[in-house]
Every structure is written in C-alpha cells, then in structure tokens.
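Enquirer: Below: one structure in structure tokens.
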Protein chains: 2
Amino acid sequence: MSDRVDDVQRWFTEFGRHAYTTVTPMALDGLEGWSRDRHTGNIHHHSGKFFTIEGLSAQAPHGPVPRWTQPIINQPEVGVLGLLVKETDGVLRALVQAKVEPGNRNGLQLAPTVQATRSNYTRVHQGRAVPYLEYFRNHRQHRVIADVRQSEQGAWFYRKRNRNMVVETVEDVELRDGFTWLSLGELYAMLAQEDRVNMDLRSVLSCLPLAAPGLDTVLRSDGTGFHGALVRSCRPASGARHPLGELLNWITDVRTRTDVRADRIPLDALDGWRRTQGSITHESGQFFSVIGVDVAAGGREVSHWTQPMVRPEGQGVIALLVGRIDGVLHALLHARAEPGYLDVAELAPTVQCIPDSLEVLPAAARPPILDTVLSADPSDIRFDTVLSEEGGRFYHALSRYMIVETDPAGIDHPDFRWIAVHQLMELLPHSHYLNVQARSLVTCLHSLLGSSGATRSTAGVEGS
Amino acid sequence: MSDRVDDVQRWFTEFGRHAYTTVTPMALDGLEGWSRDRHTGNIHHHSGKFFTIEGLSAQAPHGPVPRWTQPIINQPEVGVLGLLVKETDGVLRALVQAKVEPGNRNGLQLAPTVQATRSNYTRVHQGRAVPYLEYFRNHRQHRVIADVRQSEQGAWFYRKRNRNMVVETVEDVELRDGFTWLSLGELYAMLAQEDRVNMDLRSVLSCLPLAAPGLDTVLRSDGTGFHGALVRSCRPASGARHPLGELLNWITDVRTRTDVRADRIPLDALDGWRRTQGSITHESGQFFSVIGVDVAAGGREVSHWTQPMVRPEGQGVIALLVGRIDGVLHALLHARAEPGYLDVAELAPTVQCIPDSLEVLPAAARPPILDTVLSADPSDIRFDTVLSEEGGRFYHALSRYMIVETDPAGIDHPDFRWIAVHQLMELLPHSHYLNVQARSLVTCLHSLLGSSGATRSTAGVEGS
C-alpha cells in the first residue's frame, strides 16, 4: 500500500504544478464584490449569493459563559458533498479530487468527488459545470449508499448543513484531470498524513456504512487488544454499555434541559469585538477573527477573487477518548451545545477546543478531559494527526485530531456517554446527531480498522 | 373488553360532574392578561409566558400557492407528554387522565399521564404541582421506553415541539382522582369512539415501540387478509417495498429540493387577513381564525381565564391509504412541507386537508388522493373516527381520521412512498420524521392489531 501512497503523493505534486493558488490576507473593507450593509454592518456579496457575515447573540444561562456575542457565517444553502464509489475486482474504490481551497495552508487536499453549493446543484448549466455532479443529481440511476444532511461547525456557522452522499455506480466512469480512484485502505493511509484529507471528505466517509460492499473485508480479523476491540465495536451483535434507547433518552434530555438561545443581530452590534477596516477580532485576541483574502488561482484555470474568511486564533485539540468495555471499544462522546446548531446540541468529540482561548475563559469552560488527553502516554495514542476544517470558509483552521485509549472505569459525567462504533453508525444516517468534528473522528476510527500499522500515524501499539 | 369500555364511560361521566368548563368565545381585544404589541400587533401574555400569536410570511415558489402570510402560534418551550406504563399480571397498562381543555367540543378527553409545559417541568414547585411529573423528571429511576421530541401542527405552530415520553415503572403507583389504568386494548377501543382520545395521547402512544413488554401478545395471530398483512407489517423480518436507506434518500431529496421559506413578521403585516376587535379571519372566510375564549372551570377546582385560540374553519380529512405489497401492509406517506416545521418537510398522512379550504385554493392544492379516499367503498374502510387536535390551543379542531385499504398498484407519485409499519416504528425514535397527524394514524393502525372487531369503529371486514 505504501507504494500506492507514494504514487498519490507524486500525483499530488504533479497536479499541484497545474493548479495552485496564491492567497494573500487583505483588508475586509477592500474586498471586491463584497460590501458592508449600511444599517447592520453585515458583510454580503453583491450578488446576494455565497454567504454573509452577520452577528449572533448567544445565551446559555447555565453554561460557563452565560451570554456573548460573536460574528457568524450565515450560509443557508444546503450544498452537496458527494462521493462516487465503484467496486472493481472486489475492492471498493472512491473517486476523489485534488482540490485547492483558499484556506488550505498547504494548497491541495484530497476532497470528495463533488463539493457543490446548491446554486451549482440546481442550476448547473449556468457557469462551469461541476464534474460528476450528474451522479448525485440523477441518483436514481445508481445505488445511493448514504444520503443525509449533516451540520457543520456550530461555533462559526449559523445552521449550516451539507448533504453528505455516497453513490455507487457500476458504469464506466471517465477519469478527469485532477481526480483519482483510491481504495478505502489507501484513503485511510492518506488520512494519517498531516492535513491531507479535507474535512468534507472526512465527513462523507463517516457516513459510509460499514456494511458497504467491500468494506466488510477490513473487518475480517478479530484479534486481541485494541484492534480486536475496535472490530467488535463495529458489529451490532457485540452490544454496548448503553442500549440505543438509553442514548436517545440522554440526547433528548440534554437537548431539553439545555437552555440555549441564539439570535441573529447586526454585525455592528457585537460587544467585545473590535472592527477595523482590516478585520474583526475579539478584544482578547483569542477565539477567531474575520479577515479578508485575495485569491489568485494559477495553472490551467486562472481566476481571481476576494472573500471574507474566518481565521481561528490558535491550533485546536479535537480528541476522542476510547476504552474497552467487556472487550468492545467504546468512544466517549460529549453532548455539546453550539449556538449555530439547528437543534440545541449534537454529539461531539470528548475534547473539542482551542487551548489558547481557554486562557481568557472561566475555568469551568475547560473541557474536563483535556488534561487526560494532552498528558496521555504515547503508547495509548491510537491516532494523532493535524487536520484542518473546510478551506472555503476557514483560513488555516488546524487542529490536532487524536484518538486516545484509556481505562473507561471511573469516567462518568452527565454530559458524556460511552458509545460503541456500531451505535454511532446507527445514528449517522440521521441528521443532527454527530457534529462535524465527531464525524471526522469516526472516519479516523475506521482508518484504524486496517490491520497493518501503515494506516496509523502512531506505530507500535498493535496487540497491546 | 366492552364491559371495561362501559366502565370507562361511566367513570368519564361521573368525573365530568366534578370537572367541567364553560367556554365562551369572546373578542380578542377583551382578553384579560393578554395584550397587543403596539409596534407589531402581536398578541402576548403579560407574563411573557405561554405563547404568542405572531405573523408568518411563507414562500414556496414551486408549490400551488407560491407565497402567503398567516397568523401563527409561537410557543418555543418544549413541553412533556408523558405516559406512565406498568405491567401487571402480564398486561401492560397505561395511566391516563380525564382532562378538560377549552378547545374540546365535548369537555373531557383521555389524555396522557402528564401534559406539562416546560415552565411546569423545570419549576414544578412554583404553582400547583403536576401529578406524576416526578416519573418523567427523575426518569433514571425507571425504564424509559421512548423519549423523543416530535413536532406539532406546522400549519399553525412555529417550530413547536413536545417531548414524547413513555416510562415504565415497577413501583406501586398511587391512583389519583381523575386518573385510571387502561390496557392497550382498552385504550385502542376508546380510540375508535368519536373524539375521546386526545391528540397528545395519540402522539405519545405512537412512540411506544411494538417491542414493549406485553405488546407482543397482540401480535400473536398471523391471519390472512388485512389483519395478517398488518401483523406482518409490524415485523422487520417481513421486509418492505423500499429498504430504509432508500426512504432516507427520498426524504433527504425532498427536503433538499423543496424551496420553502418562513419568516416571522408582525401580526399587523398580514396580507389578506381581516383583523377586527373580535378576531382575525382570512378574507375568504376559510382556513382558520384566531378567536378569544373565556374559560370558567367548575367542579372541584374552580378557575377562570381567557386566552386566544386557533379555530379551523371546517372539518378536516386526515387519511392514510394502505395496501398489501407481497402480503405486507404498507401505508402511503406524503413528504409534506409546512411552514412551521424546523426541517422543511415531514412524513404526513396520504391526505391531510380541510376540504372547505380547497374551494378557495388553486386546483393543484387539492391532495391527489383525496377523491380516492372520500369515495372509498365502505368495505375498504378500516378506521373512520372523528378526532380532534390539541384542545389547549385549537378550538373544535375536528377531523375525520380514516384508514382506507386500496390496491397499491399504479399509485406512484414522487412526493409519496409506500412504507411498512415496522419502518415507521424505526423512524419514530428520531425527531422530525412523522408529523403529528401521521403519528395519530400510526396509533390508529396499531389499534387495528387487536384481533376482535371491538377495536374498530367499522365492523365486518375481518379476514376479507
């Protein structure tokens, strides 16, 4: 497999010569095609399309910060993240593209077959056609393996959702420039590389059921240790600490008893944020900023545009604690409220924060299990790779994604539950259960199903 | 069983002597404790609690009516509809109450154990305690059989949801005045009586999984004809026309391609509605009105209040077409958009309308299968009872609830799908799939599982 990974690296490097962007931060007030509403200060595009930057007033009376205001991205359109898969010679392969986005620190990343906004999706004949979109628009001619609208960052987006689709075809598919077919094993090997598999691809991969054709082959081995516990965790027959009904009861309970309120307000009405001609920053310098960028795309397709972006101030830590309960691996999920969620709270990783921001927040805002994760013994770290959030809206939004194994005994908190992988897979066909960070980590967990150490960035823990 | 039904009738009549209300329509502007906002015209209670009557601007560019405005009830609090159940002598019984609500045409109806607003639920020690609420607040001491937030009428409520809970206890439960234990068979027999089982009880009963203890006994028989097809439809092993993944794909597709937009606007900004001191009515006289009522409750607990209510103009038809596919009963569900839904569209009955209103709407607004239902041969009618919507907000909101069997061949429409009962049960633990009218009809379908004709209002079709 490592040969193939090297091939992909070469293809990346080669393709990068023909598709690259130069991204230069610039002043918000200088953006071309974007303007500031004279009444609200909201930043919108002249066409009325794309997205707007607005203000949000959030109230969470029982949380560590009872009320705050912040900028937020309002992008009401539901786009499509589509992954085309095909079985050849008994192996399921996915068609992925090498995609440049302005927020990528490293230029090209691996993206799903299609990343299209609804404007692309419904009016495809205006403007440049999106390659392979027909497989997701005319999906009745193919086999739809997954199709679910899932939320994105509730801290930065107001009720943003994308349609995550996996479609299987048996047709011959023309291979276009910038696209390649990768087996799941190859994809998972790429996932272990720093900042290589983009957020949209990680999200849509999490929605791929483990029962998909070809995927069961990775479940063949049933060893001891971590890997055996993970394989058992993927099988419904293995059971779990809590029956699914108990988990749904807990989620409903958290959603009912969590008082959160989020109201859109004018961007000029923010409190505690500094707006200059150049950017919008929090007066502490923490959390995130809204900046402008100038994007010049070179290579085969030349284009130029400017746009606002959200830039997180500091690298995040997004970690899943896992542990073996009766020989079955369980992950510790957090029922987390974010102001931009459509439905109060979703299941989030055990830890999800930007540690730098915690310095200016009350102590109660510190994730209870952050220190456990950061001080984990290297031999307990099952996945540890820096990955980034969506590069179309977020500028260099990097986080350390980690899966850390621990002894689950004694970890008991009303906002957390130990959940088996097969239960996460049972929730994933429905909207609004797993947040985007948790979906990324589900894909990272799946990547550990490969029995060789090659799919993991941390070696030497097999069979422990 | 009919003896027990007679007992319940006597208990109802007897209890009605001690608990009754006199409800008198009155002018909106004369309501005590309610006032009209001077800027918006919105009607709100002085305490800021309960609910408000606001305006809604709806846009559905591809629907038969591309845009309209209407009054809407905004009640953001999530209340609890709780049903306490207990197994005695191998029979599961539910604790129900005889409840008076101002919108009930007939005074008392059977209601769930608890119908509590969130104010009751979280601050129970202020004001009169809600009986049995502790079983639903301290539910960890009991077995939670169902716990899911479900929507209510999206045509009249803005994003209203209630928490539907079924909790099983093994404790001795004190029986309070106005409450009684009924077996499911007895409840289902009551459901066949006109306007006797209230909407909240029908909704929470639909969330009771068929795998609940004791419930499998009603599934014992596996006859021929309609009943056999219904029993098979309750069993996942029977299969279905469409696998669940196909149904989720269809729901996601409808939700993505349906353009609906609902914006809250001032009540004074409505177009096509007449507001007098007395009421708010549509200029056609159709759809619904907002009226005031004066409520004087007599008997043991005397109280008096006034409130606004929504009064539908005309009796509704809410019907489910069912048919046998490979010997398994399927129901024809409609993916229906309503402006008050949190998430675009939910699964609705085959037909859901107020026929009188259709006279002032474009022909395309007529439900495609209404005539099939209204002209059904009496021998094909499996359920046919007038039931009402929630009596706390809706005044005499009566509809003819029907289940009609037909030959499913040839009925094929992109917004409709044939779905087996076990698939509906698989969706019901999750929010926002089945609307409140469909949930009522699921309960009506369950009521037909009883093998004797006593549970049905239409006799003589067994074994056909």
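Enquirer: Can you tell me which residue within segment A:132-153, out of those that are touching a strand residue (DSSP E or B) at 6+ places or on another chain (Cβ under 6 Å) and farther than 25 Å from A:Asn74 by Cβ, is nearest to the other protein chains (Cβ to nearest Cβ)?
Expert: A:Val144
Enquirer: Moving to a separate point now. Looking at segment B:25-51 only, could you name the residues that are without any contact (Cβ under 8 Å) to a residue 60 or more places away in the chain and among the polar types (S, T, N, Q)?
Expert: B:Ser35, B:Ser47
Enquirer: Separate question: For segment A:12-34, check the following and say yes or no: at least one residue is in a loop (DSSP other than H, G, I, E, B), over 25 Å from A:Gln109 (Cβ atoms) and in contact with a Lys or Arg (Cβ under 8 Å, 6 or more places away or on another chain).
Expert: Checked against the condition, which is being in a loop (DSSP other than H, G, I, E, B), over 25 Å from A:Gln109 (Cβ atoms) and in contact with a Lys or Arg (Cβ under 8 Å, 6 or more places away or on another chain), segment A:12-34 yields no hits at all.
Enquirer: Going through segment B:234-248 one residue at a time, which ones are touching a residue at least 40 places away in the same chain (Cβ under 8 Å), open to solvent by less than 70 Å² (accessible area, probe 1.4 Å) and within 14 Å of another protein chain (Cβ to nearest Cβ)? Outline the logic, then answer.
Expert: Taking segment B:234-248 and keeping what is touching a residue at least 40 places away in the same chain (Cβ under 8 Å), we get B:234-236, B:238-242, B:244, B:247.
Subsequent filtering for residues that are open to solvent by less than 70 Å² (accessible area, probe 1.4 Å) retains B:234, B:238-240, B:242, B:244, B:247.
Result: B:His242, B:Leu244, B:Leu247.
Enquirer: Let me ask something additional. Looking at this structure, is A:Val100 open to solvent by 20 Å² or more (accessible area, probe 1.4 Å), away from chain B (no Cβ under 14 Å) and aliphatic (A, V, I, L, M)?
Expert: The answer is yes for A:Val100.
Enquirer: State whether the residues of segment B:71-88 include one that is crowded, with 17+ Cβ neighbours inside 10 Å, modelled with pLDDT under 95 and β-branched (Val, Ile, Thr).
Expert: There is at least one residue in segment B:71-88 that is crowded, with 17+ Cβ neighbours inside 10 Å, modelled with pLDDT under 95 and β-branched (Val, Ile, Thr).
Enquirer: Specify which of the listed residues (B:Gly323, B:Gly327, B:Gly314) is over 20 Å from the mean Cα position of the chain (by Cα), on the phi > 0 side of the Ramachandran plot and not charged (D, E, K, R).
Expert: B:Gly327
Enquirer: Does B:Gln97 count as under 24 Å from B:Pro131 (Cα atoms) and at pLDDT 90 or above? Give the derivation first.
Expert: Details: under 24 Å from B:Pro131 (Cα atoms): yes; at pLDDT 90 or above: yes.
Taking the combined requirement at face value, the residue satisfies it.
Enquirer: A follow-up question, please. Filter segment B:3-24 down to the residues that are in contact (Cβ under 8 Å) with a residue 60 or more places away in the chain and open to solvent by 50 Å² or more (accessible area, probe 1.4 Å) and list them by number. Before the answer, list the steps.
Expert: At the first step, the residues of segment B:3-24 found to be in contact (Cβ under 8 Å) with a residue 60 or more places away in the chain are B:4-5, B:8, B:11-12, B:15-24.
B:Arg4, B:Trp11, B:Arg17, B:His18, B:Tyr20, B:Thr22, B:Thr24, listed by residue number.
Enquirer: Which of the residues spanning segment A:143-160 are open to solvent by less than 30 Å² (accessible area, probe 1.4 Å) and over 27 Å from A:Leu448 (Cα atoms)?
Expert: Result: A:Gly154, A:Phe157, A:Lys160.
Enquirer: Are there any pairs with C-beta distances below 9 angstrom linking a residue in segment A:83-95 that is touching a residue at least 12 places away in the same chain (Cβ under 8 Å) to a residue that is loosely packed, with under 15 Cβ neighbours inside 10 Å and hydrophobic (A, V, I, L, M, F, W, C), with the two at least 6 apart or on different chains, and if so which?
Expert: Pairs found: A:Lys86/A:Val170; A:Glu87/A:Val170; A:Leu95/A:Leu175.
Enquirer: Residues in segment B:163-177 that are in a strand (DSSP E or B) and open to solvent by 80 Å² or more (accessible area, probe 1.4 Å): how many?
Expert: 0
Enquirer: Consider B:Val8 against the criteria (1) within 14 Å of chain A (Cβ to nearest Cβ); (2) touching a helix residue (DSSP H, G or I) at 6+ places or on another chain (Cβ under 8 Å); (3) over 30 Å from A:Asp259 (Cα atoms): it satisfies all of them except one. Which criterion is unmet?
Expert: So B:Val8 meets the others, but not (1).
Enquirer: Hand me the list of strands (runs of 3 or more DSSP E) wholly inside segment A:38-120 holding 2 or more residues that are more than 24 Å from A:Leu182 (Cβ to Cβ).
Expert: Ranges flagged: A:43-45, A:52-59, A:67-74.
Enquirer: When residues of segment A:178-206 are filtered for being under 16 Å from the mean Cα position of the chain (by Cα) and open to solvent by less than 10 Å² (accessible area, probe 1.4 Å), how many remain?
Expert: Result for segment A:178-206: 14.
Enquirer: Based on what the data block shows, is A:Leu230 of a type outside the set (Val, Ile, Thr) and touching a strand residue (DSSP E or B) at 6+ places or on another chain (Cβ under 6 Å)?
Expert: When the stated conditions are applied, A:Leu230 passes them.
Enquirer: Moving on to the next point. Just give me the residues in segment A:344-361 being part of a helix (DSSP H, G or I) and open to solvent by less than 30 Å² (accessible area, probe 1.4 Å), in sequence order.
Expert: Those that are part of a helix (DSSP H, G or I) and open to solvent by less than 30 Å² (accessible area, probe 1.4 Å): A:Ser357, A:Leu358.
Enquirer: Next up: Given the criteria of a type in the set (Asp, Glu) and crowded, with 17+ Cβ neighbours inside 10 Å, does B:Asp253 qualify?
Expert: It is true that B:Asp253 is of a type in the set (Asp, Glu) and crowded, with 17+ Cβ neighbours inside 10 Å.
Enquirer: Something else about it: Quick check, is B:Leu332 farther than 30 Å from B:Val293 by Cα, in contact with a Phe, Trp or Tyr (Cβ under 7 Å, 6 or more places away or on another chain) and modelled with pLDDT of 95 or more?
Expert: yes
Enquirer: For segment A:142-156, give me each residue that is in a loop (DSSP other than H, G, I, E, B) and at pLDDT 95 or above. Give the derivation first.
Expert: The first filter runs over segment A:142-156 and keeps only residues in a loop (DSSP other than H, G, I, E, B), leaving A:142, A:152-156.
Correct list: A:Glu152, A:Gln153, A:Gly154, A:Ala155, A:Trp156.
The values are calculated or read from the model by the stated rules, or taken from the named source; none is laboratory data. All values reported here derive from a predicted model rather than from experimental measurement. Don't worry about glycine lacking a Cβ; one is built from the backbone with ideal geometry, like all the others, and counts go over all protein chains shown. Quick note on the areas: whole protein, heavy atoms, side chains included, nothing else; ligands and nucleic acids left out. Shrake-Rupley method; radii C 1.70, N 1.55, O 1.52, S 1.80 Å.
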